[in-house]
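Values quoted throughout were computed directly from the atomic coordinates according to the rules given, and no laboratory measurement underlies them. It should be emphasised that the depicted structure is a prediction, and the values quoted were computed from it without experimental measurement. Cβ atoms come from the backbone with ideal geometry, glycine included; neighbour counts cover every protein chain shown.
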Amino acid sequence: MLTIWGPPDRRRFCDGMSRRSFLKIGGLALGGLSLPELLRAEAASGSSGRHKSVIMIYLCGGPPHQDLYDLKPEAPQEIRGPFVPIETSVPGIRICEHLPRLAQHMDKLVAIRTLVGARDAHYSYQCMTGHHENPAPAGGWPHFGSAASYFLGPTRPGVPPFVSLCYTTQHRPYNEPSPGFLGVGHSSFRPTGPGRGDLVLNGITTDRLADRRQLLSAFDRFRRDWDNSGKMEGLDVFTERAMGILTSSDLFEALDISREDPRVRERYGTGDETKPKGDGAPRVPQNFLVARRLVEAGVRVVTINYSFWDWHGNNFRAAAEEFPIFDRAMAALVEDLHERGLAGDVTVIAWGEFGRTPKINKDAGRDHWPRVSCALLAGGGMRTGQVIGQTDRWAGEPVERPVTFQEVFATLYHNLGVRLESRRLFDFRGRPQYLVEPGVQPLPELIG
């Protein structure tokens with residue numbers, strides 16, 4: 001690991017990043033997958049100033065939809081549970097009593113009550129790609145953030161387009177999928193876990209880094225002189241971008257929430273990132289704040305895996321503990337986006353892999369229920385203050401407006417400004433693929 005010290009008259013670091021699993025700073029000069037090569041792969045189009053972003057919050061394990069946003073107070077006791085619905089800022093919409101802050105901001109939210117097409121499988125794949133893991137094309141379906149990297153590239157040299165705040169979980173399928181057939185050049189940057197040490201580069205001065213840059217330029221000129229194919233054309237652009245990341249402090253500062261007003265930090269709440277919940281992720285509400293700071297810094301897609309929601313036993317005791325913390329963090333994020341003028345540009349979605357059984361089991365829990373699940377959205381310039389879909393009297397089946405994962409992804413890509421038709425995609429066998437199936441449109445209820 002390297003450290004870049006700033007000039008003598010500056011006391012703070014000039015910080016950058018690397019991708020630990022396949023990228024080393026030594027690759028800037030010779031051999032392997034270099035940072036300029038990775039950035040060349042990521043570049044898809046120019047960008048300027050204002051940009052669109054998505055914050056995706058994955059609730060590991062599948063939250064109970066009928067205890068969050070689709071309570072059925074008239075159902076039998078073995079179905080409805082002990083929670084009662086409360087009024088929200090939108091007349092006629094009621095949600096769980098343990099979500100009072102979100103209830104106050106319902107006019108800024110959209111609850112989907114009839115998400116369909118899930119499988120009885122504890123994995124993040126469908127929430128992160130819009131597809132099921134099997135069958136999948138050669139190389140696998142790409143992560144949504146990887147697609148954003150491929151189509152849009154970074155907004156500025158010092159900030160990657162896709163940052164994952166997801167923790168490595170004990171249950172491996174909860175972990176995020178790969179970039180799939182788009183290639184490793186569109187992987188996320190992960191400042192949690194192993195990648196955290198890559199943010200601070202130790203033991204090399206900026207002068208020495210400049211010497212390495214001059215050496216790299218000399219090699220590049222030599223290679224370019226002997227290259228008759230034109231493939232080297234434009235290499236300087238990607239080298240400049242690589243140096244920008246290595247010498248920029250934008251990303252490091254965005255991740256440092258100690259720079260935030262203490263009153264703002266208090267609104268989000270805190271959790272211990274060293275203590276996973278169950279076999280899922282830690283409960284770290286401050287990552288919602290980190291995500292907001294990252295999109296402000298120029299990141300296009302930020303993903304968060306949050307806590308553990310697989311409550312086969314003691315569902316209501318767990319929910320009474322979990323819901324208020326989620327309520328506080330989610331409401332703070334929505335408030336921040338509106339107060340900072342970001343609500344039109346940043347889309348937020350929070351969801352899990354499936355719903356829970358209408359009937360409460362003998363252990364006071366709810367089991368897996370892939371027939372219907374829920375999602376909560378905000379921002380993105382969407383028509384908020386509504387719910388989409390209606391389930392039956394037990395919240396077990398959709399009876400009005402079932403919504404597919406593909407429709408949600410079409411909406412997310414639309415909000416992000418990705419024109420899927422602008423490029424043809426091929427898997428590793430050369431077969432054409434579609435991230436959203438032809439004919440699937442963004443949700444008309446949300447898009448004007």
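If you scan the range 400-425, which residues turn out to be of a type in the set (A, V, I, L, M) and touching a residue at least 40 places away in the same chain (Cβ under 8 Å)? Before the answer, list the steps.
Taking the range 400-425 and keeping what is of a type in the set (A, V, I, L, M), we get 403, 408, 410, 412, 416, 418, 420, 425.
Scanning the range 400-425 gives V403, V408, L412, L416, V418, L420, L425.
Here's a check for you: in the range 278-329, which residue that is among the charged types (D, E, K, R) and assigned to a helix (DSSP H, G or I) is nearest to P358 (Cα to Cα)?
Top of the filtered list is R317.
Could you check how many residues of the range 77-129 are in a loop (DSSP other than H, G, I, E, B) and of a type in the set (S, T, Y)? Within the range 77-129, residues that are in a loop (DSSP other than H, G, I, E, B) and of a type in the set (S, T, Y) number 4. Scanning the range 355-369 finds no residues that are touching a Gly at 6+ places or on another chain (Cβ under 9 Å) and within 30 Å of Y150 (Cβ to Cβ). Which of the residues spanning the range 384-433 are farther than 22 Å from G140 by Cα, assigned to a strand (DSSP E or B) and among the hydrophobic types (A, V, I, L, M, F, W, C)? Scanning the range 384-433 gives V387, I388, V399, V403.
Applying the condition of being surrounded by fewer than 21 Cβ atoms within 10 Å (Cβ to Cβ) and of a type in the set (S, T, N, Q) to the range 332-391 and asking which residue is nearest to the chain's Cα centre (by Cα) yields T384.
Of all residues being of a type in the set (D, E) and under 14 Å from A319 (Cα atoms) in the range 51-105, which is surrounded by the most Cβ atoms within 10 Å (Cβ to Cβ)? Just the residue, please.
Residues of the range 51-105 of a type in the set (D, E): 67, 70, 74, 78, 87, 97.
The next check asks that each one be under 14 Å from A319 (Cα atoms); those that pass are 67, 97.
Working: D67: 27, E97: 15.
Residue satisfying both the conditions and the ranking: D67.
Listed by first and then second residue, the pairs linking a residue in the range 151-171 that is under 15 Å from V184 (Cα atoms) to a residue that is of a type in the set (V, I, T), with Cβ atoms under 6 Å apart and 6 or more places separating them unless they lie on different chains, are F151/V418; F162/V301; V163/V299; V163/V302; S164/T303.
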